[in-house]
C-alpha cells in the first residue's frame, strides 16, 4: 500500500514539527507528502496521480472539512483508493459522527485502521461544469445566505462604518439573512414528492449529521444506508425561528412531528427556483436555480480508527 499525505497549510499548518511527525509515523512505509497550493488544487493533482497507481493508495486528508471535501472530490471513481482523515481544521463537522476530531489525530491508528465503504451525495446543476460530491451536508436557504455573504464580506470588506473587528459572518447573519433570508423561493422534491410550497427557510441534504460547527442538522442520518436525509424547514416568523433554533442545534427537531418541518429519506432530490440561489456543498459555495442530488452508495472507502 502507498500512503499519500495531503496537507492544507491554512488548516493545521505545515511547520517542521508536523513534517517530522509525519516522517516518524510513516517511517519504513511507502509514503509521499503533498502540500496544497491553493483552493481545490488537490483535486486535479489526485486525479492525475491516481491514474498512474496500480496498488492501493491511502490518501490522508490533513485539515478540516474543506480539505476532506476536496480530497473526496479528487478520488471519486477510483476503486484502489482509501481516504483517511487527520482532523486539524476548525469545525471538523464530518468526523463528529465517529466520535470527534480527537479520534482522528493519531497517524499510527490511521495507518493500522481498516477502510469501509460510505455513501456520497452527487450534485449536478445548470451552474456546474461538472458534478460535485458531498461527504457531509448540502444546505441551502437561510444558512447558505450567511455563508455566501460572509464570504463576500471577508473578501471585499464590510460596509463603511461597520464596527472594527466585526465578524463578517455575524454581519451577514444580522444584515442579510435576517432581513432577506427567511423567504426563499425554492421548491424541493424528494424521489418525486413535493415537500414544500414555493418558499422555505432552509433545507439540508445530509450524509453526515453536523453543519456550521454546532448544528446537529441530521440526527438520523446514516452514511451507509444508501439514502440521503432530507430536512426542510418551512418559512416561519422570527418568534418561530427563535423557538426552534435551540432544538435544531441539539438535533432534537425530529423528536416529534412539527408543522414547520418536513423530513424524508430519499435517493434523489431536486431543488428548483425561478432565480439563482446559494447552495453550500460541504462548505463550498455554488449558485444556480436547478439542481439534482442523488446518492452514490458505497462510493468511497473511509478509514475509521477504532
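Overview of values
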{"item": "Residue match in the range 257-277 (condition: on the phi > 0 side of the Ramachandran plot and in contact with a strand residue (DSSP E or B) (Cβ under 8 Å, 6 or more places away or on another chain))", "result": "no"}
{"item": "Flag for residue 118 being closer than 20 Å to residue 221 by Cβ, outside the structural domain of residue 214 (by TED's automatic domain parsing), in a strand (DSSP E or B) and out of contact with any helix residue (DSSP H, G or I) (no Cβ under 8 Å at 6 or more places or on another chain)", "result": "yes"}
{"item": "Selection status of residue 16, surrounded by fewer than 22 Cβ atoms within 10 Å (Cβ to Cβ), over 19 Å from residue 304 (Cα atoms) and within 16 Å of the chain's Cα centre (by Cα)", "result": "no"}
{"item": "Residue match in the range 87-94 (condition: more than 15 Å from the chain's Cα centre (by Cα) and not assigned by TED's automatic domain parsing to the domain that holds residue 176)", "result": "yes"}
{"item": "Tally, over the range 13-56, of residues that are in contact with a strand residue (DSSP E or B) (Cβ under 8 Å, 6 or more places away or on another chain) and in a loop (DSSP other than H, G, I, E, B)", "result": "7"}
{"item": "Qualifying residue in the range 19-37 (condition: surrounded by 19 or more Cβ atoms within 10 Å (Cβ to Cβ) and either under 19 Å from the mean Cα position of the chain (by Cα) or free of Cβ contacts under 8 Å to residues at least 12 places away in the same chain (or both))", "result": "yes"}
{"item": "Conditions (1) buried (at least 21 other Cβ atoms within 10 Å of the Cβ); (2) within 29 Å of residue 151 (Cβ to Cβ); (3) touching a strand residue (DSSP E or B) at 6+ places or on another chain (Cβ under 8 Å); number of the one not met by residue 92", "result": "(3)"}
{"item": "Residue 261 touching a helix residue (DSSP H, G or I) at 6+ places or on another chain (Cβ under 9 Å), farther than 29 Å from residue 71 by Cα and surrounded by 16 or more Cβ atoms within 10 Å (Cβ to Cβ)", "result": "yes"}
{"item": "Count of residues meeting criterion [within 22 Å of the chain's Cα centre (by Cα), touching a residue at least 24 places away in the same chain (Cβ under 8 Å) and within 14 Å of residue 148 (Cα to Cα)] in the range 165-196", "result": "4"}
{"item": "Members of the range 121-165 that are surrounded by 15 or more Cβ atoms within 10 Å (Cβ to Cβ) and part of a loop (DSSP other than H, G, I, E, B)", "result": "128, 131, 135, 136, 158"}
{"item": "Scope the range 100-109; condition closer than 20 Å to residue 90 by Cα, over 16 Å from the mean Cα position of the chain (by Cα) and part of a helix (DSSP H, G or I); matching residues", "result": "102, 103, 104, 107"}
{"item": "Strands (runs of 3 or more DSSP E) lying entirely in the range 197-306 (those with 1 or more residues that are more than 25 Å from residue 96 (Cβ to Cβ) and in contact (Cβ under 8 Å) with a residue 40 or more places away in the chain)", "result": "268-281, 284-303"}
{"item": "Where residue 55 falls short, out of the listed (1) at pLDDT 95 or above; (2) farther than 22 Å from residue 137 by Cβ", "result": "(1)"}
{"item": "Residues (modelled with pLDDT of 90 or more and more than 23 Å from residue 115 (Cα to Cα)) located in the range 1-34", "result": "20"}
{"item": "Failed item in (1) exposed (fewer than 14 other Cβ atoms within 10 Å of the Cβ); (2) under 27 Å from residue 284 (Cα atoms), with residue 43 passing the rest", "result": "(1)"}
{"item": "Test: residue in the range 95-109 that is buried (at least 22 other Cβ atoms within 10 Å of the Cβ) and in contact (Cβ under 8 Å) with a residue 60 or more places away in the chain", "result": "yes"}
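So that you can scan it fast, the table gives a plain yes or no per residue for (1) out of contact with any helix residue (DSSP H, G or I) (no Cβ under 6 Å at 6 or more places or on another chain); (2) more than 23 Å from residue 136 (Cα to Cα); (3) assigned by TED's automatic domain parsing to the domain that holds residue 64:
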residue: 165; (1), (2), (3): yes, yes, no
residue: 176; (1), (2), (3): no, yes, no
residue: 186; (1), (2), (3): yes, no, no
residue: 200; (1), (2), (3): yes, no, no
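The values are calculated or read from the model by the stated rules, or taken from the named source; none is laboratory data. None of these values were measured; they are calculated from a predicted model. We place every Cβ from the backbone using ideal geometry, glycine too, and count neighbours over all the protein chains shown.
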